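Bear in mind that the values in this text are calculations on the coordinates, not laboratory data. What you are looking at is a predicted structure, and each value in this text was computed from that prediction instead of being measured. Here the Cβ positions follow ideal geometry from the backbone for every residue, glycine too, while neighbour counts run over all protein chains shown.
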Amino acid sequence: MTDDLETFRAETRAWLEANCPAEMRKPMRGEKDATWGGRNPTYAHPDQKLWMDRMGARGWTVPDWPKEYGGGGLSPAETKILREELKRINARNPLNSFGISMLGPALLKYGTEEQKLEHLPKIARGEIRWCQGYSEPNAGSDLAGLATSADDAGDHYIVNGQKVWTSYADQADWIFCLVRTDKTSKQGGISFVLFDMASEGVSTKPILLISGYSPFCETFFDNVKVPKANRVHDENKGWDVAKYLLGHEREMISGMGLGAAGGDPLIEAARKGVDPILRAQIALFDVRSRAFSAMSERFIDELKAGRAHPAQPSMMKYYGTELNKTRHELMMAAGGSDALEWESDASSHGAAPRAWLRTKANSIEGGTSEIQLNIIAKRILDLPS
Amino acid sequence: MPLYLTDEQAMLRDTARDFVAEHAPVSHMRALRDANDATGFSRDLWKQFAEMGLTGILIPEADNGLGLGHVEAGVVLEEIGRNLSPSPFLSTAVAAVEALKGTAHAARWFPGILAGETVAALAIDEHAKHDGRVEMRAERSGNGFKLNGAKRFVAHGHVANLLIVAARTGEGTTLFAVPNGAKGFSAAPERLADASLAAHLRFDGVEVDADAVIGDVDAGDAPLSRLLAAGRTGASAELLGVGGGAADMTVNYLKERKQFGVLIGSFQALQHRAAHLYSEMEVARAAVLKAAQLLDSGQDAGEAVSVAKAMTGLATTLAVQEGVQMHGGIGMTDEYDIGFYMKRARVLAEMFGDSNFHANALAEAAGY
């Protein structure tokens, strides 16, 4: 470790000590504690906004993005140190954002300079909340089968169709959306466009899930005008952007298999006493969970060095989400009847069963586990069609 | 330190891969087995390891070794595992060297190890399960000690020049470096399921000098835990090689075997299982590298080592089971190599504690 990095670590530690509010060093109690920002933000605690604003002003919500786009301009080694220091104090994520984890990397790669300057800084500061318009009622796992049309109308497109499973569409400000600009070519007829959810002709309808929440929506487009300047990459080349972005989405979702910072609740539950069979199941799960933690570190290091296989995010997504489902199944078993209470204050309004139910979607959203296995088999193992 | 091999480590891996594949492929192990070889490995091959400097991989440069770390040792062991090469590398160049490093024993034993003449064996287990219980006794006698007791599952124990022996002394455990040939010592080699040899050792009043003590009397836990951490990490790397070798063979088989007029690798049922196996092996690989890097950095690596040993046990067991299954009937034949992988994996998975042992250790450390 060089002196420069040691200095950076010391300064980072001091800044975080001074600026991360105590409330933001406590584990989240439920989905409502997450910070999403946006035009109409909601905060369960005022420190959420404080923490997001302080980190955003420093560019540390997106530490490795260039400074001119609102990032921190940190090197991979500095970014790693920042992550380690955040973990050290059990700091909460200052900003949850599909803009950061999905759209941002795609814009950095495929966006025009104008698009980058317009959108990236607002993403970094949590000013605009994004949602993703990918899945359709007849295009889920077969994503490229999408039908939402974008008809050429001179300097703009007219978009018609329906999306589904649009996470938080009812609370999002803008959408990044896959649309069909050519009906004669399946993957080669898709374009990637950005538009304001306040545009005329956009409507959303929440979908109530088994967890009792409605994070997902059906989203309808009725003659929505989208300027062509909002298209990312060339017309009919949207599938390249979509695939690149999916890699980042899978990378993000794969983190779910990791234990929570500041004490693994499953281990906490096991300490209270469980039967020997469950104890053994938890211990063997813990082996996989810790090994996957090493895998995540390796994957990030390889990504940063450009060494990761391009299809490796599929493996991370597959393993992480299956692991997360197992974790919550074991937590329910360890919790016993305490983990069944749905509405009580003592149960944080059913945080445990709702989280357990929520994880069941992990291996469906962002490409099902079966799709990920297909990708590994074809693109990494090179198995025949 | 990034969690992948540096360019230098990757070069070492390539060198080791070529060397082991050329000089000790699976057919080498098969030939030793078919000849019912009484040594259990090739002394010529051990010499060649020495000529390449590999036997001194963990020996400090000041002692004329390569002065490398557990990551590098693991790189070599993975290739040994991939080729099922019978070798005293793990017990001698990794575990024993780690126990002796920095002690008065280095000057005596390292030259022989560097020359490829000395083989070390680890007399640490006394039961069918590796559990850390030491019942063998070492009592003070004259200027030294008298050893009484038995050890089992000692790889190379019947041919080793040097035995690293854990024995109970007055106040605790003491680790001894015992030269072969002592009166009262006997070794009964047994052929194991994988055709390797492991010995039952008996010590009936074996006399050793006081200077046989590694470190201090009653303070054997320190060198023993160094030996175990190195041995467990090394065994994990070797298991990774066994599992990786089996997985590679299997995926290649899926690409060439036809049934129903098509390559069986086109069947989604098999593709998904192969992809799942790939995932488990990748996760295991990360766990092994993490443990080795932590050991090399001098940080507390105990839990990471347990994770590595347990995870490679789980992943490699899956690799060999899927390997035999996907090969179908031919996988059950002695003529085909995949079965050897299954047998070697079982032996290595048991050595230094199996997945259950290490999962349990993690649970105890976490307080549940």
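Here are the numbers for this structure:
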| quantity | calculated |
| --- | --- |
| Nearest-0.05 FRET efficiency for B:GLU22 and A:GLN187, computed from C-beta distance (R0 56 Å) | 0.80 |
| Average partner coverage of B:269-277, which counts Cβ from other chains inside 10 Å | 6 |
| Cα-based reach from A:LYS304 at 27 Å (exclusive), listing lysines while leaving out same-chain residues under 8 positions away | A:LYS67, A:LYS80, A:LYS87, A:LYS109, A:LYS116, A:LYS122, A:LYS237, A:LYS243, A:LYS317, A:LYS378, B:LYS290 |
| Solvent-free Debye scattering, log10 I(q)/I(0), computed from the Cα coordinates of the protein assembly as shown at q = 0.10 Å⁻¹ | -1.07 |
| Whole-number percent relative contact order across chain A, with pairs defined as alpha carbons under 8 Å at least 6 apart | 12 |
| Linear extension gain, A:ASN40 paired with A:LYS67, 0.36 nm per residue minus alpha-carbon span | 7.1 nm |
| Candidate aspartates and glutamates - alpha carbon under 16 Å from A:LYS272, same-chain residues fewer than 8 apart omitted | A:ASP264, A:ASP338, B:GLU364 |
| For a label point 7 Å along the Cα-to-beta-carbon line of B:GLU51, residues of the range B:113-148 with backbone N under 15 Å | B:115-117 |
| Cβ-derived FRET efficiency at R0 22 Å, B:THR6 paired with B:THR39, nearest 0.05 | 0.05 |
| Those residues of the range B:303-346 whose amide nitrogen sits under 17 Å from the label point placed on B:PHE267, 7 Å along Cα→Cβ | B:321-332 |
| Principal-axis tilt of helix A:276-304 within chain A, Cα atoms, nearest 10 degrees | 50 |
| The range A:149-199: translational diffusion in µm²/s, Stokes-Einstein, Kirkwood Rh over Cα pairs, 10 °C, 1.306 mPa s | 132 |
| Other protein chain Cβ atoms within 10 Å, averaged over every residue that makes up B:354-367 | 4 |
| Selected from B:GLY339, B:GLY40, B:GLY172 as most flexible by GNM, with chain B as the system and alpha-carbon contacts under 10 Å | B:GLY172 |
| Distance from the range A:140-180 to the range A:105-122 (C-alpha centre basis), Å | 19 |
| Alpha-carbon centroid distance for the pair the range A:7-39 / the range B:65-88, whole angstrom | 44 |
| Helix A:312-335 vs. chain A, principal-axis angle (Cα, 0 to 90°, nearest 10) | 40 |
| Most fluctuating residue given options B:PHE352, B:PHE267, B:PHE41, as computed from a GNM of chain B linking Cα atoms under 10 Å | B:PHE267 |
| Extension reserve of the A:SER337-A:ALA305 stretch, reckoned as 0.36 nm per residue once the Cα distance is removed | 6.8 nm |
| Relative contact order of chain B, defined on C-alpha pairs under 8 angstrom at six or more residues apart (%) | 16 |
| Protection proxy ranking, peptides B:26-37, A:24-35, B:226-237, average beta carbon neighbours within 10 Å, highest first | B:226-237, A:24-35, B:26-37 |
| Pairwise centroid distance, computed over Cα atoms, of the range A:267-285 with the range B:264-294, Å | 26 |
| Anisotropy class of the range B:118-170 from Cα gyration tensor, a/c 1.5 cut | oblate |
| Burial order of peptide ranges A:66-73, A:278-285 (average beta-carbon count within 10 Å, highest first) | A:278-285, A:66-73 |
| Residue among A:LEU74, A:LEU303, A:LEU107 with the largest mean-square fluctuation in a Gaussian network model of chain A, springs linking Cα atoms under 10 Å | A:LEU303 |
